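Heads up: the structure comes next, in structure tokens.
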Amino acid sequence: MAAEAASSDAAPERLPPADLRAERAVIGSVLHHPDVLEQAVAAVDTHDFYKPAHAELFEEMLAMRAEGRPVDAIALANRLGERLHRLGGAPYLIDCMSGVPTPANVAYYAEIVADKAVRRRLIEAAARMSQLAYALPGDSDDDLVERAREVLDGVAGGGRSRRHRRLRRTPASAVTMRRLRWLWSNRIVLGGLTLLAGREGLGKSTVAVDLAAQVTRGELAGEFLGEPRHVIYVNSEDARDSTIVPRLVAAGADLDRVVFLDAISPTDDESPLVLPHDTQLLADEIEELGAALVVLDAATSVIDSALDGDRDRQMRRGLEPISKLAADTKAAVVGIVHFGKRESADTGKLILGSIAWSQVARSVLAVARDEDTHQLVISSTKANLAPGDAPSLAVSLVPAAVETPDGVTQVARVEWHGETTQRAEELLAAGPEGEDRTLIAEAVTWLLGYLADEKRAGSAGAGEILRAAKADGFNERLLQRARKRAQVSTHRTATGWTWTLDTPRRQGDNSTWR
């Protein structure tokens, strides 16, 4: 009975559903451009298709290729003859072709088909191993394990044959070296994916719009300083007419250099861009415009909804083509993502969804609010390509009135305040409500006493102060709050940041912060 139960678990209706869209896309891609058949064959075999009609169509296309015949819709229909009606008829072939945004992504579609096939075979293998365990009670454990291993060995390769894969050897001497180029010096790399991350409703999109505006004017400090360039803005949340374009106007953008994109189907239906499906189409636009920056606002909304946002492997399948797109076009891709509500200094773990976001990205710019100053702090929290740590920057969002054809609309724009010693990670690690006023008072007293010491005469280096504070039990976050309460100013010198008392105070006098 147990063996029968195990067998029933392998019934087709219990198997994970196949992605029939991906199967149709493989068929349609090859019918569009037979040259991509080689890419499809490298990932899938006839037995990987869930729908028998798809398997038969793919098998016929492989046979036509082997015979040296042209592989296209007309030739396939003629070859199938009366069988074509059973497989869906000519309209089905047209439907497969019309559902393909670009045949260049056939490898991506084929990998989805192969992945689903492996999962179905795993479930079937589990059922067979269960049957072995119940049907062969007299066999030794070693024999059962060996037979189970043989079953699993048949799953790994599946219908895909390893003979289609080969290794290419490239000596290091054949690699042409190139320098790193930065759209925004040491913060946004050209040819890579950068994340602009922060909690929802903070103003990340307004910051992204300001950076885009600077690129269109050639004013962003980096590779294209003095050279205005195009920007592609892919929006999925804010409206273009009432929000994004007014923000661009408020930021002083050259509107002729900002381009929005929509996907148009063969039937002229309009839909949003979907990545990685539309990766090649986006790459073509970048090349034609010579765009230096692509903004994905919000990045999670642009990714194909068929990919599970919480599964690392699936998200990598969606993100790595975007990273490759940036590398191939040498453009900077900035994706706006959200942090969760929990407190942590590890910004990679704060990003909602899979950790693959921070792993695939070349750099991460974290945005956090300083509740004392009400300013936003922008810090580079992942920049392993940069030669050194880029200083944090402080910005404010200020209101701006923009004239439109039907009246004035109010939006926000960015006001830059320059470098700050504050770090976004520290602001994200603990909110102001988590700190006791008594501790702040103690930190204020300590700081005033430290600066008022005769050896320092009211001024000392920030690094020296923070090290001394840490030794006395005050963390940097707490001391930064104490500095603002105590009205201790900061300024940068040739040797670094310096903290200075605004006015002479007696040691222990912390009345200024109350």
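The values are calculated or read from the model by the stated rules, or taken from the named source; none is laboratory data. All values derive from a computational prediction rather than experimental measurement. Positions of Cβ are backbone-derived with ideal geometry, glycine not excepted, and every protein chain shown enters the neighbour counts. Remember, those area values only see protein heavy atoms, side chains included, never the ligands or the DNA or RNA. Shrake-Rupley method; radii C 1.70, N 1.55, O 1.52, S 1.80 Å.
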Length gain on complete extension for the stretch residue 313 to residue 475, per 0.36 nm per residue less the alpha carbon to alpha carbon distance? 54.5 nm
Calculated FRET efficiency, residue 185 and residue 119, Cβ-Cβ r, R0 45 Å, to nearest 0.05? 0.50
Loop-located GluC sites (Glu not before Pro) in the stretch 26-105, at most 12 other Cβ atoms within 10 Å (DSSP): 67, 82
What ³J(HN,Hα) values, in whole Hz, does the Karplus curve 6.51 cos²θ - 1.76 cosθ + 1.60 give for the stretch 243-256 when θ = phi - 60°, with x put for Gly and Pro? 10, 5, 5, x, 5, 4, 4, 4, 7, x, 6, 7, 4, 5
Nitroxide proxy distance, nm - points 7 Å out along Cα→Cβ at residue 453 and residue 35: 7.2 nm
³J(HN,Hα) computed for each position of the stretch 26-40 - Karplus, 6.51 cos²θ - 1.76 cosθ + 1.60, integer Hz, glycine/proline x: 5, 4, x, 4, 5, 5, 5, 9, x, 4, 7, 4, 4, 5, 5
The distance between the Cα centres of the stretch 352-400 and the stretch 15-80, in whole Å, is 46 Å
Hey, if we sort 497, 357 by accessible area with the 1.4 Å probe, largest down, what's the order? 497, 357
So, with a 1.4 angstrom probe, what is the percent of accessible area on the stretch 387-427 that is carbon and sulfur? 51 percent
Calculated from backbone phi, Karplus (6.51, -1.76, 1.60) coupling profile of the stretch 200-210 in Hz, x at Gly/Pro: 4, x, 8, x, 4, 5, 5, 5, 4, 4, 5
Quick check: pseudo-label points 7 Å beyond the Cα along Cα→Cβ at residue 304 and residue 410, how many nm apart are they? 4.4 nm
Using the basic label-point model (7 angstrom from Cα toward the beta carbon), what is the residue 268 to residue 487 distance in nanometres? 6.9 nm
Might you tell me the accessible area per residue for the stretch 194-320, computed with a 1.4 Å probe and given in Å²? 42 Å²
How big is the stretch 215-340 in terms of Cα radius of gyration and Dmax, in angstroms? 14.9, 43
Portion, in percent, of the accessible area of the stretch 274-374 that falls on carbon or sulfur, probe 1.4 Å: 45 percent
Accessible surface, the stretch 17-103, averaged per residue in Å² (probe 1.4 Å): 48 Å²
Accessible area of the stretch 176-226 belonging to carbon and sulfur atoms, whole % at 1.4 Å probe: 48 percent
Solvent-accessible area of residue 268 with every protein chain in place, 1.4 Å probe, in Å² to the nearest 10: 120 Å²
